[in-house]
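Taking it in order: structure first as structure tokens, then the write-up.
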Amino acid sequence: MSGDERVDRLVRDADPGGLGGVGDLAGVKRTLLEEIVSESGVEGGAGIARRRLRVRRFAGVVTAAAVLMSVVPASMVLRGQAEGGGVSPIVTPAEGVVFSPLALAAAARNPRLLIDRSGWKVTDLSGFTEELGMIRFRRGGQELEMNWYPASGYAGRYADRLQVNRPKSVRVDGWPGDLFEYSGSDFAVLTRPREDVFVEMRTSGDWSRKEFARVLADIVRVDARTWLAVLPAEMVMPVGERAAKVLADVPLPPGFDVAALEDIGVSDSYHFGVGVTSRVGCGWIAEWQRARASGDEAGVRRAADALRSSHGWRVLRDMNKAGDWPEVFWEYADEIAAGTLRASYSQGLGCA
């Protein structure tokens, strides 16, 4: 099968089983709520320390396989009404909005689960790839993070979660799963593998079992276009436009190809910033190495000065409030300025 044929097939499959409509979930919601709220005698998970992805020290960023070709306008067509008369966050693209085939194909490969309830917003998105990724929703003091993984990792993760307590069987829009209770306000759901993927959901913040049951019952699986339309406008902004803002005060290394940033694709501002600055840093390091090897002292100084200036780049200063990537970047930049460089830079900065 050719690459074009594979994309075409994925686009056709972007709404398997006609999942574009949410449908009447009242019966499912009621059953699920009764099951979770009535469950009692579950052992606590006080001895299990929760690991959160708050510190994002990693080697580069997993890039996306898709790029959106147009900005989703604010005037989207909303579908349905949530409890209390609020507008449901489930949306469909406005007329005329066109997503690229690659964006649709990438969305088709992930579970595309959304919370169909007023007030929930997507705040973080990363790993928009074929096998894994993360999306985080927030409403007030509550967060729900969904991570999807290849089915091959399910058995090990399930065995690990059994150390928390005995799970309770639940369903997420018809998808069988298991509920684990870490505490009275800390819950996780592990769905069973389906279509070579499974999802782990994890709460953070001020939750109760009853509230989690309600939200879990409001999670629906949608078609690829609807999933893409729900993402914040910043995440689906054309890459060239996003890159121009990030690079406004960033000196670019010789031969830097802004167009090549397209493959970073759909991601939140933090991960997009990692992807862009990683390539800038790697480019300047390559130039510094070239200049040293050829005796080009002016080139060495130019590269060192560019990397030293990274302490003032707006993108890194803004990102430093949210994670450790800027600190990692500055460590290597300072080494270059001092005339040295550890061999680990390639892994630390994600250089090819």
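The values are calculated or read from the model by the stated rules, or taken from the named source; none is laboratory data. What you are looking at is a predicted structure, and each value in this text was computed from that prediction instead of being measured. No Cβ is skipped: glycine too gets one built from the backbone with ideal geometry, and neighbour counts run over all protein chains shown. Remember, those area values only see protein heavy atoms, side chains included, never the ligands or the DNA or RNA. Shrake-Rupley method; radii C 1.70, N 1.55, O 1.52, S 1.80 Å.
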When the Cα atoms of region 253-352 are enclosed in a convex hull and the volume is divided per residue, what value in Å³ results? 96 Å³
Carbon and sulfur: what percent of region 116-251's accessible surface (1.4 Å probe)? 47 percent
Taking region 303-352, which trypsin sites (Lys or Arg not before Pro) meet the DSSP loop condition and have no more than 11 other C-beta atoms within 10 Å? LYS321, ARG342
Below 14 angstrom from the Cβ of TYR154, what's the summed charge of the other residues (Lys, Arg +1; Asp, Glu -1)? -2
Distance between modelled label sites at ALA260 and LYS121, nm, 7 Å Cα→Cβ extension: 3.5 nm
Estimated inter-spin distance, GLU331 and ASP206, nm [label 7 Å along Cα→Cβ]: 3.7 nm
Going 7 Å from the Cα of ARG292 toward and past its Cβ, which residues in region 322-343 have a backbone nitrogen under 15 Å from where you end up? 332-343
Once both label points are put 7 Å beyond Cα along the C-beta direction, the ARG192-ALA244 separation in nm becomes 5.1 nm
Sparsely packed GluC sites (Glu not before Pro) within region 156-207, loop by DSSP, other Cβ within 10 Å at most 15: GLU195
Subtracting the Cα-Cα distance of ALA159 and SER309 from 0.36 nm times their residue separation yields 49.2 nm
What accessible area per residue, rounded to a whole number of Å², is obtained for region 207-352 using a probe radius of 1.4 Å? 41 Å²
